[in-house]
Amino acid sequence: MAQDFDADVIVVGSGAVGSNAAYELARQGKSVILLEAGPSVPRWKILMNFRNSGRHYDHNDPYPNNPWAPTSYQPGYLQNTGSFEMMPGMLKLVGGTTWHWGGATWRYIPNDFKLNSLYGKGRDWPIGYDDLEPYYTRAEYQLGISGGDGEDQSGTHKGQAYPRRSKPYPINAEKFTYNAQKMHDALGTQDYAMCTEPTVRIHKPWDGRPACEGNNNCDQVCPIGTLYNGSIHADKAVRAGARLITEAVVTRIEVGDGKKVRSVSYMTPEGKETKLTAKVFVLAAHSFETAKLMMMNEVGNSSDMVGRNLMDHIGIGMDLMAGEDAMWSGRGPVQQLTIMNWRDGDFRKEHSANKTALANGNPQISLAEAAINEGLMGKELDARIMRDSARYQFVYSFLEMLPSPANRIQPNPAWKDSLGNPGIKIHFDVDDYVKAGAVVAREMYQDMAKRMGGTIAKIHGFENHDHLMGTLIMGADAKDSVVNHEGRSWDHDNLFVASVGVIPAAGVVNPTLTAVALAIRSADVIAKEV
Amino acid sequence: MGTAAVVAVASGPVLPVGAHAAGAAATDVADLQKMAHLVTGKQVDQALAERAGSAITENHPGFPAALAKLQDFAASNNITDVEMLKDAPGFEGDLKDTAKLLIGALYLGYSGTPKALSSVDDVKFVTYTQALTFQLTHPYTPIPSYSRWGTGYWAERPGRI
Amino acid sequence: MRLTRLKRAGFAALVPAIVPVIVSVFALGLALPVLAQDAGGGLVSRGEYLARAGDCAACHTARDGKPMAGGYVFSMPMGKIVSSNITPSKRFGIGNWTEEQFARAVRKGVRPDGSHLYPAMPYPSYARITDADMKALYAYFRQVKPVDAAPSVKTSLKFPFNLPGMMMGWDLIFANSGPFKDDPKLDAQQNRGKYLVQGLAHCSTCHTPRNAFMATDNGKYLAGANVDGWEAPNLTSDKVSGLGGWSDAEIESYLKNGHAKGKAQAGGPMADAITHSLHYLSDQDIAAITAYLRTVPPIRTEGQSKPSWAVGKAQPVDWTKIEPGMVAADKPGYRATDNTDGAQLYNTACAACHGINGQGSDDGHYPTLTNNSAVGAPKPNNVVMAIVDGIHRKGADGMAVMPAFSASNQVIHDTLSDAQIASVANYVTATFGNGSAKLTAADIPQIEAGGAAPWLIRNAATLFWVGVAVAVIVILLIIAAVVMSRRRKSAAV
């Protein structure tokens, strides 16, 4: 039986989500092929690229921009036709886009799964929090996460640990950074619901990864492997017996008898095509590429929902010059202190929720650039750099987006990579629900600045945050969704999708942990069937 | 004279960083180093000055000539340091832009105009660790990716450890 | 994978021929009852403390396995030795053993059924355990949670090591020490230290070199040896090669925490010993070990004139060498992984923690590479092994992890090839140490393997067929050699 197939399961995409699915299946004794469009690049090489380029503001820059599998900032690769310029940073290499991320690994809260029933907005999930809870726990232990066990993460359960957890975090929460503690104290717990961001950037060693030493480089590349990324499970999958094929761009999906997917074909950078068969296929090439691949092949799209309902955490932010002169962003964690005043509540009937947080990246080169452009020199320049660096704080918010079929991506044959594969066309508009939510967030900024004795230097307009949900939307009805609650295509029994793209209600928290939990859940389903 | 030599570097082919040293005479580098000192008020290491000059010149072929003008301006007005230069009558327009180019390359570690959300722009690498901004903030924050303290240092008041 | 090799600390690595199935009991020991009681309280808790001191769990617990249920695999040139279940399971463990039978296994390496253990179980050291401590150990092991299952893997040795009785002769010759008796020349604290060092902590197992028969060469007592690729350093009181230049506080910090600033950090098998055993010891016992080590006669490593930790030059590295600039991101150079420039590789794989100039972190959190025993040592082994294996340690002051960089051990997607490991090690020793490493790619697997297996082990099968007569002669020669070396040892110690 097994001889008739190249593998029990083929997983397309070696990012955090695909690699966890591949590892779970390999660990359970299944034969697995893991296909990755990009190359495998060791961490030291990425760090070398980073430190030898002046383009640090471009977080994709240290990563190979393969002519056959470009990063998202390759000019022309993403083309926007809507009112909003959606330009998420996406990578193509073993481990995927989690090579550069803040490492936030939140759970959704129970009400996030019932947005429509509770608040009459957007969609409900086809499953509830309790269905996913055991998988959240497994995912947290796979990724190695530090978080605050006793904390309320909802903003609505003051003094309680919430949401419910069946096991404590693998690693406890660390102390706040100096500036986060100052902000925490200035805002006060009376009026502000604050908690620690759960993170894969761990302050104690875990599973061979060292403890964070505060390199403050999560958004570019972690130099020491503290910050989890998908390559860790790609490597684990290989050690568990999976076969990893790199520089393999999947372009073709072939459907056979009984509407089952029969094979996928990949192209090498030189254009050589290879066909592989399996009993089950898992598409985990992230939100855009998976949707593009399905549309290119007219697979799994009887609902016409593939590529639609694109939701990101569209956000705003503020540059705050704090009153205190020793705040110094750029020490240790890039993200940590989180404000959940607007995560959940009846207001979600009217406007979007938000998650607001202090970002702690090193702003100094940008501050210096501004001062130089202003014409400062000598002692004045140095004094300005020091003054601004000591005070500058960046506060940002994620706003909850609702799914709209009009917000969508499609293959764009007008742009081609070196193999002749299409680019991606995006149409995206920010809706009134988000705009109304932004007003609330801006009001809070004013209050925060006041309490901190600081001044707002600038409030940034809408920005995308690379949380690309909805394009492969999960639902209870085959007519208006792409996959069912298992991640299984409504159209093809042996086709699964593992991606943040399946998430039907965006909430306000970073979605990677949820996608990994769903992928592990799918893997359990698949393991019983092959 | 220093000027002419710098021009020679400028008109040469665009080389990768580091490749210029061999082609440039010592005096060119010395002049660049002097000018780097003049516009920043800091002792700038020779290699850094040279790399800054090369990177700027890749985007601005006229930079060596412009720098020579600035050098002449300083010499003819007996300007010996940055504090005199910044307030000197006539230090404006091209002269000031030239100084800003050099200051930018030295403080930021790159030269050019960053373009966000694109893999392509004209930014040229000068240095990472030697950027004068990082030298300045060194007691308070690590240069990103080069932490100098152990886990948890971030809870302490900056400057204390 | 790597854990296997790390754990074989005791005999395993060193003793390809002789690996006992009961691994760690050695340490149990002879502890001075009084001190042990202070540390533990009742008999069982004292036994637990002693079992920690002897590091029983390290070898008798499989990775992710149940405590003391065995199943830990020692991979050796002569085959696989698997540690046994020492829980009180009547069917699969030692539930039916009397205290006398237990003591005989621990001290003599002989099971109740008369079969012999392999000296992966350090019974030659555990023989030093006092009767009182043996009683406590027995009491402790009686109440460990029984596991009614045999290890899933079985010991399988190659010919002729699989012959019954193979170990008997070895035991006759090499395993013949008796319970510890106080040395009248030492004070009470030093005697306590000696008891721990020679008994439960079985320091000699790694730190005394072995002879051709894989027994410790007691003429070079604690003079340092190779363990699984790592150099177990000289612990004698010699000022250059040994611990003579270390302060008491430094030795104590090392034993409790696994590191001593400006001196050394524990890696490999020693990191395991710190993690599973030494960091649990009481301050008094740590001080006693330190006091005893001071009395160990000095042995100078041939050719060494400067302590390893005293080697080093702190000097700024030329930044242009580590920031050469890059090609564009869409060019093959951006994903090429074949760079063997030691300076550049050091900077990207090591400098985030150890500093561009090898100075470590400003607050001492990550060790300096100048004035570091591993870097300044005559042999580059520990630099290479730290890169290959990483460091994984838990001391009294917390956990320390340095990620591994070899293809088979790395977990953070950060692989260095053998050629790259050689380049980095060469750069590190040349820039921060004494330039001792002149390595090529081919040296790396050689170092990892701990050098070639002893001649006797490699040729055992052939030798066997040469005949009994020759064997008898060989054995006689061995006995003669051992007797002589023992005489030297008693003169020396």
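The values are calculated or read from the model by the stated rules, or taken from the named source; none is laboratory data. Nothing here was measured: the structure is a model prediction, and the numbers come from that model. Ideal geometry is used to build each Cβ from the backbone, glycine not excepted, and the neighbour counts take in all protein chains shown.
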Filter pass, A:LEU244 being touching a Lys or Arg at 6+ places or on another chain (Cβ under 9 Å) and either within 18 Å of A:THR98 (Cα to Cα) or in contact (Cβ under 8 Å) with a residue 40 or more places away in the chain (or both): no
Condition met for B:ALA75 (closer than 24 Å to A:ALA383 by Cα, surrounded by fewer than 22 Cβ atoms within 10 Å (Cβ to Cβ), away from chain C (no Cβ under 12 Å) and of a type in the set (Gly, Ala, Ser)): no
Hey, A:LEU468 of a type in the set (A, V, I, L, M, F, W, C), within 30 Å of A:THR356 (Cα to Cα) and either in contact with a Lys or Arg (Cβ under 7 Å, 6 or more places away or on another chain) or surrounded by 21 or more Cβ atoms within 10 Å (Cβ to Cβ) (or both) or not: yes
Subset of the stretch A:482-508 [under 29 Å from A:ALA353 (Cα atoms), touching a strand residue (DSSP E or B) at 6+ places or on another chain (Cβ under 6 Å) and part of a loop (DSSP other than H, G, I, E, B)]: A:GLY487, A:ALA498, A:ILE503, A:PRO504, A:ALA506, A:VAL508
Only listed residue being assigned to a helix (DSSP H, G or I) and either within 7 Å of another protein chain (Cβ to nearest Cβ) or surrounded by 15 or more Cβ atoms within 10 Å (Cβ to Cβ) (or both), chosen from B:LEU117, B:LEU101: B:LEU101
Flag for A:LYS260 being in contact with a His (Cβ under 8 Å, 6 or more places away or on another chain) and farther than 26 Å from A:ALA449 by Cα: yes
Filter result for the condition that a residue is without any contact (Cβ under 8 Å) to a residue 60 or more places away in the chain and either within 13 Å of another protein chain (Cβ to nearest Cβ) or hydroxyl-bearing (Ser, Thr, Tyr) (or both), over A:ARG43, A:ARG51: A:ARG51
The stretch C:136-150, residues that are among the aromatic types (Phe, Trp, Tyr) and within 10 Å of C:ILE86 (Cβ to Cβ): C:PHE141
Qualifying residue in the stretch C:362-379 (condition: free of Cβ contacts under 8 Å to residues at least 24 places away in the same chain and on the phi > 0 side of the Ramachandran plot): no
Checklist (1) surrounded by 24 or more Cβ atoms within 10 Å (Cβ to Cβ); (2) away from chain B (no Cβ under 14 Å); (3) not in a loop (DSSP other than H, G, I, E, B) applied to A:ASP8, failing item: (1)
Residue within the stretch C:389-396 that is of a type outside the set (Gly, Ala, Ser), touching a residue at least 40 places away in the same chain (Cβ under 8 Å) and within 14 Å of chain B (Cβ to nearest Cβ) present: no
Single match in B:THR129, B:THR133 (criterion: part of a helix (DSSP H, G or I) and within 8 Å of another protein chain (Cβ to nearest Cβ)): B:THR133
Residue list for the stretch B:152-161, restricted to those being assigned to a loop (DSSP other than H, G, I, E, B) and more than 7 Å from chain C (Cβ to nearest Cβ): B:GLY152, B:GLU156, B:ARG157, B:PRO158, B:GLY159, B:ARG160
Qualifying residue in the stretch A:107-114 (condition: farther than 30 Å from A:ARG391 by Cα and within 14 Å of chain B (Cβ to nearest Cβ)): no
Within the stretch C:202-223, tally of residues that are out of contact with any Ser or Thr (no Cβ under 7 Å at 6 or more places or on another chain) and touching a residue at least 24 places away in the same chain (Cβ under 8 Å): 8
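This table checks each residue for (1) within 30 Å of C:GLN315 (Cα to Cα); (2) in contact with a helix residue (DSSP H, G or I) (Cβ under 9 Å, 6 or more places away or on another chain); (3) at pLDDT below 95; (4) not aliphatic (A, V, I, L, M).
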| position | (1), (2), (3), (4) |
| --- | --- |
| C:ILE391 | yes, yes, no, no |
| C:GLY398 | no, yes, yes, yes |
| C:ALA425 | yes, yes, no, no |
| C:THR440 | yes, yes, no, yes |
| C:GLU448 | no, yes, yes, yes |
| C:LEU456 | no, yes, yes, no |
| C:TRP465 | no, no, yes, yes |
| C:ALA471 | no, yes, yes, no |
| C:ALA480 | no, no, yes, no |
Residue list for the stretch A:367-394, restricted to those being in contact (Cβ under 8 Å) with a residue 60 or more places away in the chain, crowded, with 19+ Cβ neighbours inside 10 Å and outside any strand (DSSP E or B): A:ASP388, A:SER389, A:ALA390, A:ARG391
Meets criteria (closer than 30 Å to C:THR275 by Cα, under 21 Å from the mean Cα position of the chain (by Cα), within 12 Å of chain C (Cβ to nearest Cβ) and surrounded by fewer than 24 Cβ atoms within 10 Å (Cβ to Cβ)) for A:GLY230: no
Residue in the stretch C:272-284 that is crowded, with 20+ Cβ neighbours inside 10 Å, within 20 Å of C:MET385 (Cα to Cα), of a type in the set (Gly, Ala, Ser) and not assigned by TED's automatic domain parsing to the domain that holds C:ASN372 present: yes
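Residue by residue, here is whether (1) surrounded by 17 or more Cβ atoms within 10 Å (Cβ to Cβ); (2) touching a strand residue (DSSP E or B) at 6+ places or on another chain (Cβ under 6 Å); (3) not in a helix (DSSP H, G or I) holds:
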| residue | (1), (2), (3) |
| --- | --- |
| A:PRO62 | yes, no, yes |
| A:SER83 | no, no, yes |
| A:MET86 | yes, yes, yes |
| A:ASN116 | no, no, no |
| A:ASP131 | no, no, no |
| A:GLN160 | no, yes, yes |
Any hit, the stretch B:90-97, residues being within 14 Å of the chain's Cα centre (by Cα) and among the hydrophobic types (A, V, I, L, M, F, W, C): no
Residue count for the stretch B:138-147, restricted to those that are surrounded by fewer than 24 Cβ atoms within 10 Å (Cβ to Cβ) and within 7 Å of another protein chain (Cβ to nearest Cβ): 3
A:PRO75 being surrounded by fewer than 24 Cβ atoms within 10 Å (Cβ to Cβ) and within 14 Å of chain B (Cβ to nearest Cβ): yes
Matching helices (runs of 4 or more DSSP H) fully within the stretch C:54-155 where at least 1 residues are among the small types (Gly, Ala, Ser) and within 24 Å of the chain's Cα centre (by Cα): C:56-60, C:99-108, C:123-126
Single unsatisfied condition, C:TYR334 versus (1) closer than 21 Å to C:VAL411 by Cα; (2) of a type in the set (Phe, Trp, Tyr); (3) within 12 Å of chain B (Cβ to nearest Cβ): (1)
Residue that is nearest to A:ASP466 (Cα to Cα), among those in the stretch A:264-296 that are assigned to a strand (DSSP E or B) and touching a Gly at 6+ places or on another chain (Cβ under 8 Å): A:LEU283
